[in-house]
Amino acid sequence: MSLRRRLLLTLGLSFCVLWALAAAWLYSDLRDQMRQTLDQRLAASARMVSGLVAQLPEGAWTQAGQPMLSIPQITGVACQISSPRGQVLLRTHGDFAGKLDAPAPGFTDRVIDGQRWRLFTYVQNGLHITTADRLAERAALQRNVVVVAVVPFVVALLGSLVMLWWGISRGLRPLERLRDELSRRDPKTLTPIEITDAPAELLPAISTLNRLLVLTGDALAREQRFTNDAAHELRTPLTAIKTHVQLASRVPADQAHEAMTHAAEGIARLQRTLEQLLTLARVEATQADPGTTPTGTTSIVDTALADLIDRKRVTVDHGSDSVAVDVPRELAAAALRNLLENALQHTPGEEPITLEVEAGGREAIFTVSDRGDWPAGQSTRRLTQRFWRHARSQRRGQGSGLGLAITASITERFAGTLDFTAQDGGGLVARLSLPRANHASR
Amino acid sequence: MHVLLIEDDELVGSGIRTGLQVAGFTVDWFATAADGRLALANLDSDIVVLDLGLPDADGLTLLRDWRAQGLTVPVLVLTARDAIADRIAGLRTGADDYLLKPFDLDELTARVQALLRRAAGRARPLIEHGPVRIDLGSRQVWRDEREVELTRREFDLLQKLLNARGGIVDIEQFKDSLYGLDAEVESNAVNVHIYHLRRKLGGGLIRTVRGLGYRLGDPGDIDNGGGPA
């Protein structure tokens, strides 16, 4: 059910019920008041007649022959005066013989000739004075009062329903504009939504939506860039392979051999890039699960060094006993190996690099230092960017540009930290810290 | 013909260079945008093969600068980025053709030849100039329906003259086109090739414009000796 319909229904129904209750209350009150007032008037007229009768001379009742006095017909009201002995002295309606004889003083309802009457009997000096009121008149009066009171009520109720409908429609207009704006949008556009004079209640929703759009846009752009970069990184070695394989068949034998060597280099590069891409995809799919896979730092260093081609150039300094970190061994070793490979690749000749392992209070810290070709003072910001390579490496086709990105991804996933510092006089210090197992799980 | 190759990847660059050399082109290869810029400022290249992903600058920036300077040399762009937007950007910037990596070496050669041909204002690779017929695709030359053997340099020199469409080509342009930057060239090497061409195809084929260089002789005058025009 739409918000508009729900509001209209809830408010409209409550309006109708409340107004109906108020009307019923008013009506019953009014009816009681009217009956009371009319009764009082009936009683007052009886007393008035009694006052008039008291002023008549003593013998007025016993005038010759005709004791009955009948007033020409008046409808709706009647009066009868009878003596203490029950003899009727005066009666307004001649045909009401015996019908107004009152049993007791006070109010009585009675049916006379098929019509309901209300009677009041007043006794003074032995005279019974009875006044009567036809109820049909009272009912007609009551109906008139009801009509006079209820019509404005109903008009006001209908008016408020119309106002309600108008107010709700107007109030919901910003929502409708938002809906129109959203339905008109191309699903691919990620520009922020703009609604003129949006109410305060809608602003948080719109700003959240806009924030989400920006985040989605960023994520999409990142994905797109990554896909483009990956395509570039895969196509380049493929181009080298294809070109040199084709060359091999159209140059003399000695050059053909060289071409095939180049093609093989391209294949090795392609393979490296593919493996790194797969590693990255695996790391990104891994869920960090603290406390389940503690690995000793010594074991991590051994694993990392085992697959390293140039491991003799790495000087390892275990600053403390092995401590357990909360990262699966293969991933921790991959993170460390990438740092070592990077350092070796950028350190010319047989120059050694150093790896220090220390245990901190809450984390284990691996520090890889080299005296390589990283210029002193150059920003290290782009080092972990995917597919970024130093211009020299790019020219030589070294590295996939993913190694440090993988290390950064692993570090991030397992709540570690990774930072690089350019050394004074050239070279780089990479500092990888991973959370210790028994600390992280607490 | 001289090809200026700007490609940062060593393996890819060496492959393209050798491939184009095998197809008969003179190739100079540079790996950065800065070197490429410098090379084109000093060399009279017939065509540029430009990779877009250069380490020091985007290849498109380089291309934009050249076009802004009014350089009309045909440019074949190589790229590993296949998004439509990238291709459109490349062509809009002034690239004459676009080749996606990995490409076929034969396709690269064919496209380079086609670009050269179009730059010279010809729709077909076959040229007839009086009694001389030249096939730029297969690099064959006929004189009076008899095939004439030309060396690579001789053919390049002839093509350069044909592409100039009657305009004057000076010795430096010949040297760039034939040898590029690599070789130390004897000062009279070009004259030797011109001498051989005149001997093989007819003295009037190449006219000497004294003090300026050479131009192609009129189709009707090919047998009328090698004197000045």
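The values are calculated or read from the model by the stated rules, or taken from the named source; none is laboratory data. The shown structure was predicted, so the numbers you read here are calculated from the model rather than taken from an experiment. No Cβ is skipped: glycine too gets one built from the backbone with ideal geometry, and neighbour counts run over all protein chains shown. For accessibility, only protein heavy atoms count, side chains too; no ligands or nucleic acids. Shrake-Rupley method; radii C 1.70, N 1.55, O 1.52, S 1.80 Å.
A compact table of results
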{"read-out": "Positions within the stretch B:1-11 being in a loop (DSSP other than H, G, I, E, B) and more than 11 Å from chain A (Cβ to nearest Cβ), in sequence order", "value": "B:1"}
{"read-out": "Complete set of residues in the stretch B:40-62 that are under 18 Å from the mean Cα position of the chain (by Cα), more than 13 Å from chain A (Cβ to nearest Cβ) and open to solvent by less than 10 Å² (accessible area, probe 1.4 Å)", "value": "B:47, B:48, B:50"}
{"read-out": "Tabulated pairs, the stretch A:414-436, first closer than 21 Å to residue A:285 by Cα, second among the β-branched types (Val, Ile, Thr) and part of a loop (DSSP other than H, G, I, E, B), C-beta under 9 angstrom, 6+ apart or interchain", "value": "A:414/A:286; A:414/A:327; A:416/A:327; A:434/A:327; A:435/A:327"}
{"read-out": "Candidates A:175, A:164, filtered to the one that is open to solvent by less than 40 Å² (accessible area, probe 1.4 Å) and part of a helix (DSSP H, G or I)", "value": "A:164"}
{"read-out": "So residue B:136, is it touching a Phe, Trp or Tyr at 6+ places or on another chain (Cβ under 8 Å) and either of a type in the set (D, E, K, R) or under 20 Å from residue B:73 (Cβ atoms) (or both)", "value": "no"}
{"read-out": "Residue in the stretch B:12-31 that is farthest from residue B:163 (Cα to Cα), counting only those that are open to solvent by 10 Å² or more (accessible area, probe 1.4 Å) and part of a helix (DSSP H, G or I)", "value": "B:14"}
{"read-out": "Selection count where residues are within 11 Å of chain A (Cβ to nearest Cβ) and not basic (Lys, Arg), scope the stretch B:12-29", "value": "11"}
{"read-out": "Selected residue (only one of A:197, A:180, A:109 is modelled with pLDDT under 85 and acidic (Asp, Glu))", "value": "A:197"}
{"read-out": "Any chance residue A:365 is modelled with pLDDT of 90 or more and within 14 Å of another protein chain (Cβ to nearest Cβ)", "value": "no"}
{"read-out": "So residue B:95, is it within 21 Å of the chain's Cα centre (by Cα) and more than 29 Å from residue B:136 (Cβ to Cβ)", "value": "no"}
{"read-out": "Of the criteria (1) buried (at least 16 other Cβ atoms within 10 Å of the Cβ); (2) assigned to a helix (DSSP H, G or I), which one residue A:281 fails", "value": "(1)"}
{"read-out": "Residues of the stretch B:41-82 classified as within 29 Å of residue A:233 (Cβ to Cβ), outside any helix (DSSP H, G or I) and hydrophobic (A, V, I, L, M, F, W, C), total", "value": "12"}
{"read-out": "Residue among A:169, A:249, A:183, A:207 that alone is among the small types (Gly, Ala, Ser) and more than 30 Å from residue A:7 (Cα to Cα)", "value": "A:249"}
{"read-out": "Hits in the stretch B:63-85 - residues which are in contact (Cβ under 8 Å) with a residue 12 or more places away in the chain, within 14 Å of chain A (Cβ to nearest Cβ) and over 18 Å from the mean Cα position of the chain (by Cα)", "value": "B:79, B:80, B:81, B:82"}
{"read-out": "Any chance residue B:110 is within 14 Å of chain A (Cβ to nearest Cβ) and either of a type in the set (Lys, Arg) or more than 21 Å from the chain's Cα centre (by Cα) (or both)", "value": "no"}
{"read-out": "Subset of the stretch A:23-44 [under 29 Å from residue A:157 (Cβ atoms), of a type outside the set (Lys, Arg) and either open to solvent by 60 Å² or more (accessible area, probe 1.4 Å) or touching a residue at least 60 places away in the same chain (Cβ under 8 Å) (or both)]", "value": "A:23, A:25, A:26, A:27, A:29, A:30, A:32, A:33, A:34, A:36, A:37"}
{"read-out": "Residue check, residue A:234 more than 14 Å from chain B (Cβ to nearest Cβ), assigned to a helix (DSSP H, G or I), surrounded by 12 or more Cβ atoms within 10 Å (Cβ to Cβ) and at pLDDT below 90", "value": "no"}
{"read-out": "Residues of the stretch B:83-128 classified as of a type outside the set (A, V, I, L, M, F, W, C) and either in a loop (DSSP other than H, G, I, E, B) or more than 24 Å from residue A:242 (Cα to Cα) (or both), total", "value": "14"}
{"read-out": "Answer residue from the stretch B:91-105, given it is in contact (Cβ under 8 Å) with a residue 24 or more places away in the chain and within 14 Å of chain A (Cβ to nearest Cβ) and is surrounded by the fewest Cβ atoms within 10 Å (Cβ to Cβ) among those", "value": "B:103"}
{"read-out": "Residue match in the stretch B:125-135 (condition: farther than 30 Å from residue B:81 by Cβ, free of Cβ contacts under 8 Å to residues at least 24 places away in the same chain and open to solvent by less than 40 Å² (accessible area, probe 1.4 Å))", "value": "yes"}
{"read-out": "Residue that is within 14 Å of chain B (Cβ to nearest Cβ), under 29 Å from residue A:333 (Cα atoms), touching an Asp or Glu at 6+ places or on another chain (Cβ under 6 Å) and modelled with pLDDT under 85, where the choices are A:273, A:227", "value": "A:273"}
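Each row is one residue, and each column tells you yes or no for (1) modelled with pLDDT of 90 or more; (2) in contact with a strand residue (DSSP E or B) (Cβ under 9 Å, 6 or more places away or on another chain); (3) closer than 28 Å to residue B:18 by Cβ.
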{"residue": "A:239", "(1), (2), (3)": "yes, yes, yes"}
{"residue": "A:245", "(1), (2), (3)": "yes, no, yes"}
{"residue": "A:261", "(1), (2), (3)": "yes, no, yes"}
{"residue": "A:291", "(1), (2), (3)": "no, no, no"}
{"residue": "A:304", "(1), (2), (3)": "no, yes, no"}
{"residue": "A:312", "(1), (2), (3)": "no, no, no"}
{"residue": "A:334", "(1), (2), (3)": "no, no, no"}
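Residue by residue, here is whether (1) among the acidic types (Asp, Glu); (2) surrounded by 15 or more Cβ atoms within 10 Å (Cβ to Cβ); (3) assigned to a helix (DSSP H, G or I) holds:
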site: A:225; (1), (2), (3): no, no, yes
site: A:229; (1), (2), (3): yes, yes, yes
site: A:244; (1), (2), (3): no, yes, yes
site: A:258; (1), (2), (3): yes, yes, yes
site: A:269; (1), (2), (3): no, yes, yes
site: A:300; (1), (2), (3): no, yes, yes
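The rows are residues; the columns are (1) without any contact (Cβ under 8 Å) to a residue 24 or more places away in the chain; (2) surrounded by 12 or more Cβ atoms within 10 Å (Cβ to Cβ); (3) polar (S, T, N, Q); (4) more than 17 Å from residue A:56 (Cα to Cα).
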| residue | (1), (2), (3), (4) |
| --- | --- |
| A:83 | no, yes, yes, no |
| A:88 | yes, yes, no, no |
| A:92 | yes, yes, yes, yes |
| A:97 | yes, yes, no, yes |
| A:100 | no, yes, no, yes |
| A:107 | no, yes, no, yes |
| A:111 | yes, no, no, yes |
| A:116 | yes, yes, no, yes |
| A:122 | no, yes, no, yes |
